[in-house]
Amino acid sequence: MFALNNFELYRDNLSGLHTDYKYRYALPFEKVLDPVEKTIYFQKNWSQTITVSIGYFFVVKLIQYFMKYRSAFNLRWPLFTWNLSLALFNILGFIRFAEDMIHTLLYQGIYPSLCYSVNPTDVAAYWSYLFFLSKIVELGDTLFIVLRKKRLIFLHYYHHTSVLIYSAHSGAENTGSGKAFIMMNFLAHSAMYTYFAVASYGIRLPKTVSMILTTIQTVQMFAGISVLAYVYKIKTGTNLPCQQSMQNLLFGTLLYVTFAVLFIQYFISSYFRKSDKKMK
């Protein structure tokens, strides 16, 4: 698709920028055997996530149509199991993935942390692939919303599909800043799905907890904008190499800015406008 398909990584045998950090402890399966082949696969097929997102939209609309004529499903225990599973996955993902990023940041500084990709054959690379796959799995969140006849907001659909598409495109060029985005997403989703698991179990939590979660997600978006601003400064103001194309950088900036706006709107409408109505 137009300029978004102009990948330089591995074209004409160009190698990528990446850290050489090796995990001290790794399970036998936590490795990537052929990172070049996987990256090229993403380059050829990342746009299929757009097709998946469009199909997902129509499937959701179709289910909503049929649900008009029947009562809502309860799904308490399936929903609890779903949320608990995703909470545990994201907690484990953060613990395993963050080691590469934190080590690079502490011992080499911010530049390689945001401009060099993870070691392409080691543990962090393995979990980055699992991260992408989890974005496909998380589309299932929407099924629980529509089958239970809950309100489906635009932010939910936009966030799920755009993160999936951007993750695929970033995987096609192994973006250095992707390390920060994956780590932040693992952390935020660890808290988010833990909250959902507790709520779906039937435990009522104070409204303050949901406000804190929305704040964490909003801060994540501004942190993402800051990361991309730093990468832009490196690419335009220095001669230092940085593994992220301008196309991907602008794509990411568009997403993070719109995410920030939408999350702020959601925060205001969910917590302040309701309070104003109660006062009236």
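Of all segments of the chain bounded by chymotrypsin sites (Phe, Trp or Tyr not before Pro) found in a DSSP loop with no more than 12 other C-beta atoms within 10 Å, the longest spans 70-280. Using the Cβ-Cβ distance between Val59 and Leu106 with R0 = 35 Å, the FRET efficiency computed as 1/(1 + (r/R0)^6) comes to roughly 0.20. With a cut-off of 19 Å on the backbone N, the residues of segment 198-234 near the modelled label site 7 Å out from Val257 along Cα-Cβ are 218-234. Over segment 216-276, all Cα pairs binned in 10 Å intervals from 0 give whole-percent P(r) values of 22, 40, 23, 11, 5, 0, listed from short to long. Full extension of the chain segment joining Leu88 with Arg70 gains 3.2 nm, where the gain is 0.36 nm per residue of separation less the Cα-Cα distance.
Once the cut-off is 22 Å, how many percent of the Cα-Cα pairs in segment 30-279 end up in the long-distance tail? Within segment 30-279, distances greater than 22 Å cover 59 percent of Cα pairs. Of all stretches in the chain that contain no GluC sites (Glu not before Pro) in a DSSP loop with at most 16 other Cβ atoms within 10 Å, the longest one is 31-280.
Computed extension gain for Thr236 through Ala223, at 0.36 nm per residue and net of the alpha carbon distance, reaches 2.7 nm.
Pairs from the list Lys31/Lys135; Lys22/Lys44; Lys44/Lys135; Lys44/Lys149; Lys149/Lys207; Lys44/Lys233 with a Cα-Cα gap above 26 Å: Lys22/Lys44; Lys44/Lys149; Lys44/Lys233.
Projection of the Cα convex hull of segment 116-194, averaged over all directions and equal to a quarter of that hull's surface, yields 5.5 nm².
Just so you know, all these numbers are worked out from the coordinates, no wet-lab data involved. Please read these numbers as outputs of a predicted model, since none were measured by experiment. Virtual Cβ from ideal backbone geometry, glycine too; neighbours counted across all protein chains shown.
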